[in-house]
Every structure is written in structure tokens, then in C-alpha cells.
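So the structure is just underneath, and the comments pick up after that.
Read-outs: derived from the displayed coordinates by stated rules, not from any lab. Computed from a predicted model, the values in this text were never measured in an experiment. Here Cβ is always computed from backbone atoms with ideal geometry, including for glycine, and neighbour counts include all displayed protein chains.
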Amino acid sequence: MPPRWPRKPDRKDPDFRKLDDRMNFAVHVAAASAINSGLWFAQNLQATTWEWLPWLTASWIIVLLVHLIYITAIANYSQTPPKST
């Protein structure tokens, strides 16, 4: 069941931004897992090996780790002040 938000979704709401960033990270992990596992499976069906595949997988893992570090340690989810015009 998808998560329900008790109030109107707004990117200015720090709790909503935090939840949105974590769901976005989960989608990225799912996409990386599906694509990488599919590529490794396809390589196993081939008679040759793909030398670039471990590099792709390692670089994707590094990108996901940087994304995780950003949403857990760097991102500022404090209340955003109103913009002055």
C-alpha cells in the first residue's frame, strides 16, 4: 500500500521533502538493481564476457552511495524561509 500523506503535499514542507527524497532514492535503487541484474543475466547467456559491466555496476553503486549520503547527512530539511521579491 502506498504511503499516505496526511496533508496537502508541498515541497516547502520539510517532512514531505524528506519523504520525497527517500522515495526517490528507493526508485533509483530499484532501477539500478533491475538494470544491473538484467545486464548480468544477459552476459551469463552470452559466450563472451563484457569487460565494461563490472565498471558500470561499480560506478552505479558509487552514485547510489553518494545519493544515500546526501539524503541522510547533507540535505537540509529545515523549514524554508519565504522568498522575498
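How much FRET efficiency would the formula 1/(1 + (r/R0)^6) give for Phe16 and Ala47, where r is the Cβ-Cβ distance and R0 is 41 Å, rounded to 0.05?
According to the calculation, E is roughly 0.25.
Projected area of the chain, taken from the Cα convex hull and averaged over every viewing direction, in nm²?
So the Cα hull casts an average projection of 8.7 nm².
How about region 1-65: which trypsin sites (Lys or Arg not before Pro) there are in a DSSP loop, with at most 11 other Cβ atoms within 10 Å of their Cβ?
Within region 1-65, the qualifying trypsin sites (Lys or Arg not before Pro) (loop, at most 11 other Cβ atoms within 10 Å) are Arg4, Arg7, Arg11, Lys12.
Could you give the length gained on full extension between Leu56 and Asn76, defined as 0.36 nm per residue of separation minus the Cα-Cα distance, in nm?
Using 0.36 nm per residue and subtracting the Cα-Cα distance, I get 4.2 nm.
May I ask you to list the chymotrypsin sites (Phe, Trp or Tyr not before Pro) in region 23-52 that are in a DSSP loop and have at most 12 other Cβ atoms within 10 Å of their Cβ?
When the chymotrypsin sites (Phe, Trp or Tyr not before Pro) of region 23-52 are filtered for loop state and at most 12 Cβ neighbours within 10 Å, Trp52 remain.
Could you give each residue of region 14-23 its phi-based ³J(HN,Hα) in whole Hz, using Karplus coefficients 6.51, -1.76, 1.60 with θ = phi - 60°, and x for Gly or Pro?
Coupling constants for region 14-23: x, 5, 5, 4, 5, 5, 4, 5, 6, 5 Hz.
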